[in-house]
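Novice: Can you read through this structure? Questions will come right after.
The values are calculated or read from the model by the stated rules, or taken from the named source; none is laboratory data. Since we're looking at a predicted model, the values are computed, not measured. With ideal geometry, Cβ positions are generated from the backbone for all residues, glycine too; neighbour counts draw on all protein chains shown.
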Amino acid sequence: MKAIVCTKYGETADVVELREIPKPTAGTNEVLIEIHAASLNPVDFKIQQGALKAIRKLTFPFVMGFDVSGEVVAVGAGVRQFKVGDEVFSRVGAAYMGTFAEFVTVDEKFVAMKPKNISHQEAAALPLVALTTWQALVTVAKLQAGQRVLIHAGAGGIGSIAIQIAKELGAYVFTTTSTKNVEMVKALGADEVIDYKTQAFEQVLKDIDVVFETLGGENQVKSFGVLKAGGILVTIVGIPTSAWAREEGLPVYMGWLFDLLNWKNRRLARAQHARFAPVLLQPEGSKLAIIAEMVSSEMIHPVIDKVFPLDQTKAALQYIQTGRATGKIVLAVK
């Protein structure tokens, strides 16, 4: 089968290749998916560049990609939820990375039925961003109706879904974006938009219950200042927690290091009498099924910027690194 592989850590132009490799087979609790579409996320190029090698060891060459939508073509003897012919989508587990290809095997616990009212390309755009948003806003922040939430980078892949989910939860949504995307994020449901080209969000916002921080750096530092007492800043960038290090079986010193590196963020949160919570995605088919129901009920919909064929994945990876995408970047495989 055709697949996009990373041959070593480095820049996209130098280390990403289209290769012919053996087709995988389904294990006991796995489904084999013929891939119709996949989508890109920043984690893809971060792994490729080696930014995460301290917490994740890989063997080269490896097939890239985590998001997928396609058709089940084989099932393992232990599979109970799916059958051949089912149209499904998934954010595959870390051990199953490899969706930039024609086929992928996935443990059934990471898989959900694809919503029937959207295409495979639209479905592939959802898993990582929707699951990340759900876990950040619902599981961790426990966002409630009537609360005020600030979602940074509202026109991006995660932001465009986060706005919609937050509105469905009944929150009052603030978001940041550039001038050209103001009307777009309003159409997604944002109640108030801060155009970062002309306004500084930290000067116009206050008493925010939940900040969903997706940018990191100085933007995150400034975000603590808009929280109300008792609020929470949930971030998906930066340093993991020591608890996550323990769950992943990392050496004890890595947990100590994470706590040390997060000291400034905890201090900033305490100064606001607020909380700080880094979130790392845990793929879950059961939660993805909830997302599928929301899509089927037309509560939320994916936002796609561009679609590239599989053999142009290198160009797609270079495009996502520009930071100019509005919504998701998708690979059309079949």
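Novice: Please report, ordered by residue number, the strands (runs of 3 or more DSSP E) entirely within region 1-102 with at least 2 residues that are out of contact with any Asp or Glu (no Cβ under 7 Å at 6 or more places or on another chain) and surrounded by 15 or more Cβ atoms within 10 Å (Cβ to Cβ). Spell out how you get there, then give the answer.
Specialist: Details: elements: 2-6, 16-20, 30-39, 67-75, 87-91.
So the answer is 2-6, 30-39, 67-75, 87-91.
Novice: Looking at A145, A136, A125, A141, can you tell me which residue is closer than 18 Å to S223 by Cβ and out of contact with any Phe, Trp or Tyr (no Cβ under 7 Å at 6 or more places or on another chain)? Working first, answer last.
Specialist: Working: A145 fails: closer than 18 Å to S223 by Cβ; A136 fails: out of contact with any Phe, Trp or Tyr (no Cβ under 7 Å at 6 or more places or on another chain); A125 fails: closer than 18 Å to S223 by Cβ.
Within the list A145, A136, A125, A141, the selection yields A141.
Novice: So in region 255-281, with the set limited to residues that are modelled with pLDDT of 90 or more and closer than 30 Å to V68 by Cβ, which one is farthest from the chain's Cα centre (by Cα)?
Specialist: A277
Novice: Looking only at region 168-226, which residues are within 20 Å of A130 (Cα to Cα), out of contact with any Leu (no Cβ under 6 Å at 6 or more places or on another chain) and of a type in the set (A, V, I, L, M)?
Specialist: V173, M184, V185, A187, L188, A190, L215 - these are the residues of region 168-226 that are within 20 Å of A130 (Cα to Cα), out of contact with any Leu (no Cβ under 6 Å at 6 or more places or on another chain) and of a type in the set (A, V, I, L, M).
Novice: Here's another thing I want to ask about it. Scan (1) surrounded by fewer than 22 Cβ atoms within 10 Å (Cβ to Cβ); (2) assigned to a strand (DSSP E or B) for the single condition M294 breaks and write down its number.
Specialist: Condition not satisfied by M294: (2).
Novice: Now, a different point. State all residues of region 101-152 that are among the hydrophobic types (A, V, I, L, M, F, W, C) and more than 16 Å from the chain's Cα centre (by Cα); if no residue qualifies, say none.
Specialist: The first filter runs over region 101-152 and keeps only residues among the hydrophobic types (A, V, I, L, M, F, W, C), leaving 101, 103-104, 106, 110-113, 118, 123-126, 128-131, 134, 136-138, 140-141, 143, 145, 149-151.
Those that are among the hydrophobic types (A, V, I, L, M, F, W, C) and more than 16 Å from the chain's Cα centre (by Cα): A101, F103, V104, V106, A112, M113, I118, A141, L143, A145, V149, L150.
Novice: Being buried (at least 21 other Cβ atoms within 10 Å of the Cβ) and either assigned by TED's automatic domain parsing to the domain that holds Q321 or farther than 19 Å from L215 by Cα (or both) narrows it down to one residue among A171, A145, A153, A141; which is it?
Specialist: On the way: A145 fails: buried (at least 21 other Cβ atoms within 10 Å of the Cβ); A153 fails: either assigned by TED's automatic domain parsing to the domain that holds Q321 or farther than 19 Å from L215 by Cα (or both); A141 fails: either assigned by TED's automatic domain parsing to the domain that holds Q321 or farther than 19 Å from L215 by Cα (or both).
Result of the check over A171, A145, A153, A141: A171.
Novice: Same structure, new question: Are any residues in region 168-192 farther than 26 Å from A123 by Cβ and hydroxyl-bearing (S, T, Y), and if so, which ones?
Specialist: Result: Y172, T176, S178, T179.
Novice: While we're here: Within the set of pairs 6+ apart or on separate chains, which have a first residue in region 151-167 that is more than 17 Å from A124 (Cβ to Cβ), a second that is among the hydroxyl-bearing types (S, T, Y) and in a helix (DSSP H, G or I), and C-beta atoms under 8 Å apart?
Specialist: H152/S223; G154/S160; A162/T133; I165/T133
Novice: Here's a follow-up. Check region 320-329 and report whether any residue there is part of a loop (DSSP other than H, G, I, E, B), out of contact with any helix residue (DSSP H, G or I) (no Cβ under 7 Å at 6 or more places or on another chain), at positive phi and assigned by TED's automatic domain parsing to the domain that holds T99.
Specialist: Yes, some residue in region 320-329 is part of a loop (DSSP other than H, G, I, E, B), out of contact with any helix residue (DSSP H, G or I) (no Cβ under 7 Å at 6 or more places or on another chain), at positive phi and assigned by TED's automatic domain parsing to the domain that holds T99.
Novice: Also, quick follow-up: Is at least one residue of region 247-256 free of Cβ contacts under 8 Å to residues at least 12 places away in the same chain and among the aliphatic types (A, V, I, L, M)?
Specialist: Kept after step one, since they are free of Cβ contacts under 8 Å to residues at least 12 places away in the same chain, are these residues of region 247-256: 247, 249, 251-253.
Okay, now just the ones that are also among the aliphatic types (A, V, I, L, M), so 252.
Yes - at least one qualifying residue is present in region 247-256.
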